[in-house]
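J.: Shown below is the structure under consideration.
The values are calculated or read from the model by the stated rules, or taken from the named source; none is laboratory data. Predicted, not measured: the structure shown is a model, and the values here were computed from it. Cβ coordinates were reconstructed from backbone atoms using ideal geometry, including for glycine residues, and neighbour counts include every protein chain displayed. Ligands, DNA and RNA are stripped out before the accessible areas are found, and what is left, the full protein with its side chains, is counted by its heavy atoms. Shrake-Rupley method; radii C 1.70, N 1.55, O 1.52, S 1.80 Å.
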Amino acid sequence: STISTNSLKKSLLKLECHFTWALLKQDVDLHHLEETTEDQVEFFTESNITNYNLLSYICHLKDSDEEALRNLQKAEAAAQNSNPDEFDWRILVTWGNYAWIHYHMKRYEEAQTYVSKVEDSYKKISGAAEGKIHLPEIYAEQGWALLKFGEKYYDRAKDCFATALRHEPDNPRFNAGYAIVMYRGEDFSRRRCEDVSPSLQPLKRAIELNPKNTFIMVLLGLKLQDLRRVEEGERYIEEAMQVNPDLPYVQRYAAKFYRRKGELDKALEILKKGLAVIPKSSFLHHQVGLCYKRKLLELKKTTRYPPQEQVEELIRLGIFHIKIAIEQKTVFFSAHMDLANLYAEGKMYKEAEETFQKAFGINILSYDDKQSYYYNYGNFQRFQMKSESEAIRYYLEGLKIEKESYGKSMCRKALLKLLEGRIQRGSRNARDFGTLGLVYSLSSEKDKAIECYEKALALCPEDEEYLSALCELRLSI
């Protein structure tokens, strides 16, 4: 009997699974997501059903549906093992994914079978035959999936975990998910100069409910370090290292803690242990590169004439590791910036230029990434290429993007310093006053902007651009 594909498609769209959660391929580096998820299958067996479901969706996005089905079989096995006596509601997500993959393979009978399995399970819950019921477990599953797809999805992930928690406020897994997304979102908000949503309480709550969760322990350690409660933070880091010394996820964050604390050799030692287990981890390689970069800074700060071979060796090691990080994760924007800047330090200008261009070509750049790019590239033009006019051009691009971010404020500072410096040294160039006028105007400092445009016009009375900018400003006051 042939099933009407139309009614099947309608039923499919009602399912709660990776195919209906709007997880877009273009927002992630699939190869990297697959590797990190496989690593997690190995190290976090308690969330294997979640990870196998995600892997099956990744396989589908990579056009290997047969492999997608194999991962769903593993997810089913994991659901059986997790608690043989109880029905694990997360299995509904697995069945939903099964239905969709069979549908894509044009196996409509099989797809319908899985749709029916999900619908029957819902019917067992009293009175839920018609309306869709809201199972906290399924919200949490959606939350984990969204978290994996990157910062664009953090707000939605936060809402999913919050919804799950309204149903089960004391569930340790939901609390852990909520704490992780709050912590990650904070870092993101900080770069964007937005109000930082507090993750301290959610992290503490998650640890209360599951004192053995070393992943939350290390995040709490880093959070306390952010709040300058370094000793308290270090106690959590050390405890996590005692409970799970060989877990790469504990090592990576512990290393980050010690790197930020300035204990670079300790950080490197921990990172090298992690790399012995996950040799391809882009996060670990990036952190190693950052340690060498920091060592280079310290050396230049403390030594008037640092030995050339020492400088070259640190640059070489930094480049080596950050390059691996980028090969593993091609959309790793901040690593591209670090690599380009290291090339510039090492006077490898051609490589620096190529890396900057590659970074700008990443298809998922957010506005704060772009502002950070313009700031870093502007510096490269100014200090390495010795072109102040190009530097000004790029800093201005960063400033023209309306929203605030750390990168934007750095562009603003650099421009003010550069232009005010020129003017103090007696510049009679109308362009310098005009550009400074634009900087003030973009920063909503209208009086200062008017003053600059007036000076520019005095030097260059014919200039239409300055005249119209001045008229506009005067009208807006």
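J.: Just to be sure I understand, how many residues within segment 247-284 are in contact with a Pro (Cβ under 6 Å, 6 or more places away or on another chain) and open to solvent by 40 Å² or more (accessible area, probe 1.4 Å)?
T.: Number of matching residues: 1.
J.: Counting just the residues of segment 132-165 that are in a loop (DSSP other than H, G, I, E, B) and either under 14 Å from L54 (Cβ atoms) or open to solvent by 50 Å² or more (accessible area, probe 1.4 Å) (or both), which one comes out modelled with the highest pLDDT?
T.: Applying the filter and picking the extreme gives F149.
J.: Go through segment 347-390 residue by residue and tally those that are open to solvent by 30 Å² or more (accessible area, probe 1.4 Å) and part of a loop (DSSP other than H, G, I, E, B).
T.: So the answer is 7.
J.: Read through the list (1) among the hydrophobic types (A, V, I, L, M, F, W, C); (2) in contact (Cβ under 8 Å) with a residue 24 or more places away in the chain; (3) surrounded by fewer than 19 Cβ atoms within 10 Å (Cβ to Cβ), then give the number of the only condition that I58 fails.
T.: The single condition I58 does not satisfy is (3).
J.: Let me ask something additional. Any idea which residue in segment 77-89 is surrounded by the fewest Cβ atoms within 10 Å (Cβ to Cβ), counting only those that are out of contact with any Leu (no Cβ under 9 Å at 6 or more places or on another chain) and closer than 18 Å to Y122 by Cα?
T.: E86
J.: Name the residue that is modelled with the lowest pLDDT, counting only residues in segment 91-130 that are open to solvent by 50 Å² or more (accessible area, probe 1.4 Å) and farther than 29 Å from E66 by Cα.
T.: Ranking the qualifying residues of segment 91-130, first place goes to A129.
J.: Which one is nearest to the chain's Cα centre (by Cα) among residues in segment 435-453 that are surrounded by 18 or more Cβ atoms within 10 Å (Cβ to Cβ) and polar (S, T, N, Q)?
T.: Filtering first and then ranking leaves S441.
J.: Mind telling me which of the residues A340, A276, A352, A335 ends up being closer than 19 Å to Y253 by Cβ and under 24 Å from the mean Cα position of the chain (by Cα)?
T.: Working: A340 fails: closer than 19 Å to Y253 by Cβ; A276 fails: under 24 Å from the mean Cα position of the chain (by Cα); A352 fails: closer than 19 Å to Y253 by Cβ.
Within the list A340, A276, A352, A335, the selection yields A335.
J.: Restricting attention to segment 391-421, and to residues there that are assigned to a helix (DSSP H, G or I) and among the hydroxyl-bearing types (S, T, Y), which single residue is farthest from S189 (Cα to Cα)?
T.: Y394
For every residue, the table says whether it meets (1) closer than 29 Å to S4 by Cβ; (2) in contact with a Lys or Arg (Cβ under 7 Å, 6 or more places away or on another chain).
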residue: F43; (1), (2): no, no
residue: S47; (1), (2): no, no
residue: L54; (1), (2): no, yes
residue: D65; (1), (2): yes, no
residue: Q80; (1), (2): no, no
residue: H102; (1), (2): yes, no
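J.: Just to be sure, is L209 crowded, with 20+ Cβ neighbours inside 10 Å and touching a helix residue (DSSP H, G or I) at 6+ places or on another chain (Cβ under 7 Å)?
T.: Considered against the rule, which asks whether it is crowded, with 20+ Cβ neighbours inside 10 Å and touching a helix residue (DSSP H, G or I) at 6+ places or on another chain (Cβ under 7 Å), L209 comes out as no.
J.: Can you give me the ranges of the helices (runs of 4 or more DSSP H) entirely in segment 1-115 with at least 3 residues that are among the aromatic types (F, W, Y)?
T.: It comes to 91-104.
J.: For segment 458-469, how many residues meet the condition of being without any contact (Cβ under 8 Å) to a residue 24 or more places away in the chain and surrounded by 14 or more Cβ atoms within 10 Å (Cβ to Cβ)?
T.: Here the count works out to 1.
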